[in-house]
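Here's the structure, in structure tokens; my notes come after.
Here, each number is a calculation from the coordinates, and none is a lab measurement. Bear in mind the structure is a predicted one, so any value in this text is a computation, not a measurement. Every residue, glycine as well, gets a Cβ built from its backbone with ideal geometry; the counts of neighbours run over all protein chains shown.
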Amino acid sequence: MDKPLMYIVAVLAVVSLIVATYGFVTFQGQIADLKASNDALASSFCSVQQSLTAIQQQINEYQEAIAEYQQVTLVDSMGNVVTLNSPPQRIVSLAPSNTEILFAIGAGDRVVGVTDFCNYPYNFTAWIEAGNMTSIGSYYGPSTEPIVALNPDLVLASSGSLDAAKNLRNLGINVLVVESKTLDGVLQDILMIGRATGNNAQASALVSSMRQRIDNVASRAATATTIPKVYHEVWNDPLMSVGPGTFIDELITLAGGENIFHDATTSWPTVSSEAIIAKNPDVMVFPDMYMGVQNFYQTIEAVKQRPGWSIINAVKNDAIYEINADIISRSGPRLVDALEELSKMIHPEIFGQP
């Protein structure tokens, strides 16, 4: 074979080898791409399966809840008997404490109406302005019309809305009046609302956690060597405090203190400045708001300047404290927060500074 022909054959061989190599590499790349696509598809399929499994589990749990829920009969704070056949889906709360309970047990997504005073755990004013919730107006003596317009299947009322509760009940609407005056009563209310909404497990868990925190404070306070006398002011004109049969009185006792008006003849006694001076409290507590009026006592310094109060132990020892009015005045889950705050005020040597 002559040399030109040999060169041509060699070139053709090299070209064939290059083409074959390129084809092989391309084929391998296509295989790799196909494998990656299959892996991605398999991963997506697994995710879809997991989502479907989760959805099915939720459906099963919901069906079980409905099955367990049949004919739940409850007795509210006023002795009214209410029977519910299925978990309520449109709930109206007529008190800030009830609103806090509903959200704390996981039923907040079914609340369609609240009062103007409801402000926890969210800024409901923003929700209302956005059209995601409706305000039914005042906590005290609300009108029934805006409540009925929301077509509720459960209304949680309170002592501030007894007339509305009666009118709604006459219209065939399920109403539970929730109004406890003791800490144990509040825990029972949480369990009742849990049963009413079908959130039994969440309500039980919340109550269990609250009881644990209460017991922790009470057991530690029991080790104290002193029982400081405590004055809690509710209002300043006229002077009002707390007496027996209130959860505030109970909280003071659990925190290791003694309410100076525990022996009063009413739960919310009107008191005199002279009586406070004579009882000489070691600790004084002032909520930061009452009936929408912030800092009704003005300032701690103003309290110290009240006539004759300079001789009171709490004034002399700077044991005058402010507390969030919402946590200590609402019969809801945050009463335990108030207890823990009070324990620091009454026994800082045990619980630390407030």
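Structure notes:
- Stretch gain in nm, segment Thr226-Leu171, where the contour uses 0.36 nm per residue and the Cα spacing is subtracted: 14.3 nm
- Mean separation of Cα pairs under 8 Å and 6 or more residues apart, divided by the residue count, gives the range 72-209 a relative contact order of 27 percent.
- Beta bridges assigned by DSSP with both partners in the range 226-351 are antiparallel in approximately 40 percent of cases.
- Three-way shape label, the range 162-220, alpha-carbon gyration tensor, a/c 1.5: oblate
- The charge dipole of the range 174-288, taken about its Cα centre with unit charges on the Cβ atoms of Lys, Arg (+1), Asp and Glu (-1) only, comes to about 440 debye.
- Cubic angstrom per residue, convex hull over Cα atoms of the range 72-209: 97 Å³
- Residues Met133, Met78, sorted so that the one with the fewest Cβ neighbours within 10 Å comes first: Met78, Met133
- For the pair Leu150 and Met78, the difference between a 0.36 nm per residue extended length and the Cα-Cα distance amounts to 23.5 nm.
- Lys/Arg +1, Asp/Glu -1 at C-beta; the range 148-230 dipole; positive extreme among Ala149, Val217, Val186: Val217
- The relative contact order of the range 209-324, computed from alpha carbon pairs under 8 Å that lie at least 6 residues apart in sequence, is 25 percent.
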